[in-house]
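The values are calculated or read from the model by the stated rules, or taken from the named source; none is laboratory data. From a predicted model like this one, the values you see are computed outputs, not experimental measurements. Note that each Cβ is placed from the backbone with ideal geometry, even for glycine, and that neighbours are counted across all protein chains shown. All accessible areas refer to the heavy atoms of the entire protein, side chains included, with ligands and DNA or RNA removed. Shrake-Rupley method; radii C 1.70, N 1.55, O 1.52, S 1.80 Å.
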Amino acid sequence: MCADLDSVAADNTANIINQQGGKAEALTLDVANEDAVKSAIQDTATAFGSLDVIFNNAGIGGGNDWHKTISVNLSGVYYGLHHGAVYMAENGGGAIINTSSLAGLVGVAGPPGVRPVAEIGPGPGAYVAAKHGVVGLTRQYAIMFGAHGVRVNAIAPVISKQR
Ligand SMILES: NC(=O)c1ccc[n+]([C@@H]2O[C@H](COP(=O)([O-])OP(=O)(O)OC[C@H]3O[C@@H](n4cnc5c(N)ncnc54)[C@H](O)[C@@H]3O)[C@@H](O)[C@H]2O)c1
């Protein structure tokens, strides 16, 4: 189940999987909407007969809005992680992967040079706080759900050259 706020992107990804012999469907989903995430987990399990793996990868970067960044990058991961782990624990186990970032492990330097104070907004702090939060959630849920057959891990990509 390819779930994304961008329905065209979700469709395209599902089409690629289907063209290569896999079986995929697309779902338009805002991960910042807890009820919608819960429904997506149930709908996916119904559509495919089971739910074995969740990849909590959706994220935004580059914005300067504290609440939006936290709601997508931290709360969005929490909703998929919590409701997914509960579902899997009650239905035979599974694995969950959360996307953090190098910015989930260290603070990040901007471009070289001293940035004027007036230009410093909430964006970098929100992104770094959210990605550090994803690391903490991953550690905690791995401890809480490991004994219930649910593995929880995170990946921490470094910034790509394209960004
Ligand atoms: N590209 C990098 O350099 C880099 C580095 C470290 C971590 N990351 C992380 O990797 C993940 C993927 O990033 P990417 O570089 O592929 O970005 P991307 O913008 O190509 O992909 C992010 C996807 O998330 C979707 N999305 C955004 N808000 C959403 C929401 N509220 N609900 C559902 N879907 C939503 C977007 O539509 C998009 O398809 C993110 O969590 C990002 O923070 C990226």
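Odds and ends about this structure:
- Test: residue in region 26-47 that is part of a loop (DSSP other than H, G, I, E, B), modelled with pLDDT of 95 or more, open to solvent by 30 Å² or more (accessible area, probe 1.4 Å) and more than 15 Å from the ligand (Cβ to nearest atom): no
Matching residues to (1) within 21 Å of residue 153 (Cα to Cα); (2) at pLDDT 95 or above; (3) open to solvent by 30 Å² or more (accessible area, probe 1.4 Å):
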{"site": "20", "(1), (2), (3)": "no, yes, yes"}
{"site": "23", "(1), (2), (3)": "no, yes, yes"}
{"site": "49", "(1), (2), (3)": "no, yes, yes"}
{"site": "82", "(1), (2), (3)": "yes, yes, yes"}
{"site": "89", "(1), (2), (3)": "yes, yes, yes"}
{"site": "98", "(1), (2), (3)": "yes, yes, no"}
{"site": "104", "(1), (2), (3)": "yes, yes, no"}
{"site": "111", "(1), (2), (3)": "no, no, yes"}
{"site": "115", "(1), (2), (3)": "no, no, yes"}
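- Hits in region 125-163 (condition: modelled with pLDDT under 95 and not charged (D, E, K, R)): 158, 159, 160, 162
- A single member of 156, 147 is more than 11 Å from the ligand (Cβ to nearest atom) and aliphatic (A, V, I, L, M), and it is 147.
- Yes/no for residue 136 being exposed (fewer than 15 other Cβ atoms within 10 Å of the Cβ), under 17 Å from the mean Cα position of the chain (by Cα) and either outside the structural domain of residue 3 (by TED's automatic domain parsing) or in a loop (DSSP other than H, G, I, E, B) (or both): yes
- Residue in region 77-96 that is hydroxyl-bearing (Ser, Thr, Tyr), more than 24 Å from residue 26 (Cα to Cα) and within 14 Å of the chain's Cα centre (by Cα) present: no
- Pair list, Cβ < 6 Å and 6+ apart or interchain, from region 1-12 residues that are at negative phi to residues that are at pLDDT 95 or above and within 7 Å of the ligand (Cβ to nearest atom): 3/29; 5/30; 10/4
- In region 56-84, residue farthest from the ligand (Cβ to nearest atom) [restricted to those that are assigned to a loop (DSSP other than H, G, I, E, B) and in contact with a Ser or Thr (Cβ under 7 Å, 6 or more places away or on another chain)]: 63
- Evaluating residue 13 against the criteria (1) of a type in the set (Ser, Thr, Tyr); (2) within 10 Å of the ligand (Cβ to nearest atom); (3) within 14 Å of the chain's Cα centre (by Cα) leaves one unmet condition, (3).
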